Amino acid sequence: MFDYPVEMTVKPQVKAFFDEATNTISYVVKDPASDACAIVDSVLDIDYAAGRLSYDSADEIIAYVREQGLKVEWIIETHVHADHLSAAPYLQKELGGKIGIGDQITVVQNTFGKIFNAGTEFQRDGSQFDRLFKDGDTYQIGGMTAFAMYTPGHTPACMTHVVGDAAFVGDTLFMPDGGSARCDFPGGSAETLFESIQKVLSLPDETRLFMCHDYGPNGREYQWETTVAEEKANNIHVGGGKSKEDFVKFRTERDAQLDMPRLIIPSLQVNMRAGDMPEAEDNGTTYLKVPLNKL
């Protein structure tokens, strides 16, 4: 068992927003005793083929926050996503709040700063974010005390954010019939992911778990909320007492068969900058690079 720094008795109100283009679920997490809230894992829309950005997904969240009269205190990234762009700066401009991510973002910035040849102007110290969370760090959403739990394996910078009886697991876990996330990105590790999943599953059985992605396996409707008890019993990759050795063997073989995510090239360049675009070039246009034979 792991020791947790806060009591997990508060039941936050959680509103989910599903982005079908990227199978991503974003969340507004509200303190039940105040108007304070946090936004978790937002999406910026991109037509990659045309090189055009749009804000429909983020605007839906903004409209909800304003309609409900909420005050955004935090904009949380569970990790540097490889399958969608973050709308964090756009949301911050419209709604306020601090942008936070795990402190191991610096590892990701160093790795992908080199892959994208980002140059010396790209800071690799996490300074693009307002808060870098260490394992066990706490923060307030109104009267709720939340905490960040380091859960690497999918990437070196993954965090699970526990807010009352709810945990936002990023890509650490999927729904029980979806299993777990890939571990073959630079800095990923199936062994490490297994240990991180055990940390999540050591939360109280009744803890609500909220996924960052769902793909509707076997044609079922999209889902994104489950519990620790359900994952421990039924997760197809780690549930029912499956061993670390079996998990690592399966995950390694499975990852070798997977294609790169469709939006990995733009996502990493933007998300390692806290959702900002690369600096415009001398003609005033912003460009995203495609490194050949690097991923």
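What follows is calculated from the coordinates using simple rules that are stated; it is not laboratory data. Keep in mind it's a predicted model, so treat the numbers as computed, not measured. As a convention, Cβ positions derive from the backbone with ideal geometry for all residues, glycine included, and neighbour counts pool all protein chains shown.
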Query raised in the report: Under the Kirkwood approximation applied to all pairs of distinct alpha-carbon atoms, what is the hydrodynamic radius of the chain in Å?
Result: 19.3 Å
Query - Anisotropy class of segment 254-295 from Cα gyration tensor, a/c 1.5 cut - result: prolate
Report summary line: When the charge dipole of segment 176-295 is computed with +1 at the Cβ of Lys and Arg and -1 at the Cβ of Asp and Glu, the Cα pointing farthest to the positive end, of P204, V228, S189, is that of S189
Report summary line: So, over other residues within a Cβ distance under 10 Å of A157, counting Lys, Arg +1 and Asp, Glu -1, the net charge is -2
**Report entry** Counted charge near T78, where neighbours are those whose Cβ lies closer than 9 Å (Asp, Glu -1; Lys, Arg +1)
**Finding:** -3
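Nothing charged except the Cβ atoms of Lys and Arg (+1) and of Asp and Glu (-1): what's the magnitude of the dipole of segment 13-269 about its Cα centre? Round to the nearest 20 debye.
420 debye
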Report task. Could you check the simple spin-label distance between A63 and Q13, using points 7 Å along Cα→Cβ, in nm with one decimal? Result -> 1.9 nm
Query raised in the report: Under unit Cβ charges (Lys, Arg +1; Asp, Glu -1), what dipole magnitude, rounded to 20 debye, does segment 1-153 have relative to its Cα centre?
Result: 240 debye
Query raised in the report: What residue among T160, T151, T207 has the largest mean-square fluctuation in a Gaussian network model of the chain, using Cα springs under 10 Å?
Result: T207
**Report entry** Length released on extending from S54 to Q257, taking residue separation times 0.36 nm less the Cα-Cα span
**Finding:** 69.9 nm
Query - Among the listed pairs K134/K289; K134/K232; K244/K289; K11/K249, those beyond 29 Å (Cα-Cα) - result: K134/K289; K244/K289; K11/K249
Report summary line: Note, S189: beta-carbon cut-off 13 Å, +1 each Lys/Arg, -1 each Asp/Glu, net -1
